[in-house]
Amino acid sequence: MGSPPDTSKTSKLERYNSYLRRLNSAKLISASSKLLFRFTLLATILLIVLLTLHYPVPFLSHSSHPSSSSSFTSPHRSLLSSSLPLESIRRSATPSRSNGLSVLVTGAAGFVGTHCSLALNKRGDGVLGLDNFNSHLYDPSLKRHRQSLLASHSILVLDADINDSRLLSLLFASFPFSHVLHLAAQAGVRYAAKNPHSYIHSNVAGLVTLFESAAKAADPQPAIVWASSSSVYGLNKNSPFSESHTTDRPASLYAATKKAGEAIAHTYNHIYGLSITGLRFFTVYGPMGRPDMAYFFFTKAILAGKPITIFRSPDGKDVARDFTYIDDVVKGCLGALDTAKPSTGRPGGGPKTGPAQLRIYNLGNTSPVPVAKLVSILEKLLGTKAKKNIITMPSNGDVPFTHANVSLAAKDFGYRPTTNLSSGLSKFVNWYVNYYGIKLKTSTGATEAA
Ligand SMILES: O=C(O)[C@H]1O[C@H](OP(=O)(O)OP(=O)(O)OC[C@H]2O[C@@H](n3ccc(=O)[nH]c3=O)[C@H](O)[C@@H]2O)[C@H](O)[C@@H](O)[C@H]1O
């Protein structure tokens, strides 16, 4: 019998060949992954270049723009850090008086935002404004007008949404704001039934974005004063409304989002030590006001000879509001800013060093006036009779009356409203006829367009 063939050499050879095959395929894989990596890198760079060319950063500063709008369905693109006008921001936000505040005002081209920004600037505080100039409630050309007015006082208003967390973080990281006056919000009680998600977007998501950025990106953390609303009292029957009353029966989604905001404020105060003050505004009116509010569109309709609808409560009583003049509200906002204590959180959202201030105040006029009376004041001021259509208040989120007790704000920062509805509306009408170029023929006669 012959000896079995010697296979040890052939199997060694096979093992060596298989090793070479593995090595080659590994090289192939590595070469192709390198190629893939380079290709991906190149494609990404190309994409970035293309995006930058096609979508230039939307930035508006002191210029007046005809009509740009944004909404929660098409949020603003974030401002890139390289395109932030840091020098203009610094100039606008730096106080001109010693120990002045440096305030980031959100909603600065809004009604209350504009008046507060002007008042802060007048006394030497620094102001940087943000506004998204949306067209939800009224034609944003009035917001552009307010922006131009602010620009004439060297106050910069950036075209930006409070949901832009990247921008907010950049701003907080770039400038040490001592305070935030947060007035950007989706306002309007009845509009909430038409566009509910805009309220969630601004009053809930936007508020969280602001608190997050202030808590985690700012060093030092600013103190925050923000706009809540009298509407949180909802169907509360105790009058006058006091901060100690329960607010668990909101009548509109608007009210519910403001109430949610107060709860969210509590959380950020508790966890991150943000100093937060909520101000419950009571139907604020005056020059440069909101065209969607009753006193404003009643004026327009009366002058045009068109009918107006006046609501009566379901029990047949007059509907009444604690109408509050803008200058009084501005004094309240400044008082709240001046008495706000610093936040106690550590930069980067670290644990707070101790409890921080958490406050809520009513800012009202303390004397409710029936809507029918407001109309009769307007009739006198405009010299024209209104065509009135009186109906029972539809179930649209409205409440029958509001009435503020302001003793807490009076005690803590000397808040004392001084303007009654007649003199406040007189100032509004003067502004209105000037702004829209309307001539009142005589003090008691008819009116005509200029
Ligand atoms: O304090 C607030 O928290 C809110 O104030 C404001 O809400 P309101 O008090 O509802 O003001 P506004 O619409 O001017 O109606 C005034 C009166 O006219 C009555 N009203 C209204 C419309 C109409 O066609 N007829 C009518 O009688 C109506 O029934 C009411 O009695 C802000 O808009 C809101 O954003 C929020 O800040």
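Tabulated results
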{"read-out": "Residues Ile302, Ile377 arranged by fewest to most Cβ contacts within 10 Å", "value": "Ile377, Ile302"}
{"read-out": "FRET efficiency for Asp398 and Ala372, using Cβ-Cβ distance with R0 set to 22 Å, rounded to 0.05", "value": "0.90"}
{"read-out": "Cα centroid separation, segment 249-271 to segment 279-358 (Å)", "value": "16"}
{"read-out": "Farthest positive-ward along segment 302-400 dipole, Cα basis, beta-carbon charges - from Thr384, Cys333, Phe323", "value": "Thr384"}
{"read-out": "Hydrodynamic radius of segment 155-199 per Kirkwood, over alpha carbon pairs, in Å", "value": "12.9"}
{"read-out": "Scattering curve values for segment 94-140, log₁₀ I(q)/I(0), Debye with Cα scatterers, q = 0.23, 0.25 Å⁻¹", "value": "-0.74, -0.82"}
{"read-out": "Relative compactness, segment 316-367, computed as alpha-carbon Rg over 2.2 N^0.38 Å", "value": "1.76"}
{"read-out": "Estimated inter-spin distance, His145 and Arg90, nm [label 7 Å along Cα→Cβ]", "value": "3.6"}
{"read-out": "Whole-number percent relative contact order across segment 268-365, with pairs defined as alpha carbons under 8 Å at least 6 apart", "value": "53"}
{"read-out": "Extension gain (nm, one decimal) between Thr339 and Ser152, 0.36 nm per residue minus Cα-Cα", "value": "64.4 nm"}
{"read-out": "Segment Lys380-Lys427, length gained on full extension (0.36 nm per residue, minus Cα span)", "value": "15.6 nm"}
{"read-out": "Simple label model, 7 Å out from Cα along Cβ direction - Arg190 to Asn99, nm", "value": "4.8"}
{"read-out": "Check: segment 145-275 dipole with +1 on Lys, Arg Cβ and -1 on Asp, Glu Cβ, in debye", "value": "440"}
{"read-out": "All Cα pairs of segment 307-435, percent lying beyond 26 Å", "value": "43"}
{"read-out": "Relative contact order for segment 204-266, counting Cα pairs under 8 Å that sit 6 or more residues apart, in percent", "value": "34"}
{"read-out": "Efficiency of FRET from Cβ geometry, Glu212 and Tyr436, R₀ 35 Å, rounded to 0.05", "value": "0.30"}
{"read-out": "Exposure proxy order (Cβ contacts within 10 Å, fewest to most) of Leu118, Leu303", "value": "Leu118, Leu303"}
{"read-out": "Ranked Thr94, Thr283, criterion: other C-beta atoms within 10 Å, fewest first", "value": "Thr94, Thr283"}
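A short reminder: the numbers here are calculations on the coordinates, not readings from a lab. Quantities reported herein were computed from a predicted structural model and do not represent experimental measurements. Cβ coordinates were reconstructed from backbone atoms using ideal geometry, including for glycine residues, and neighbour counts include every protein chain displayed.
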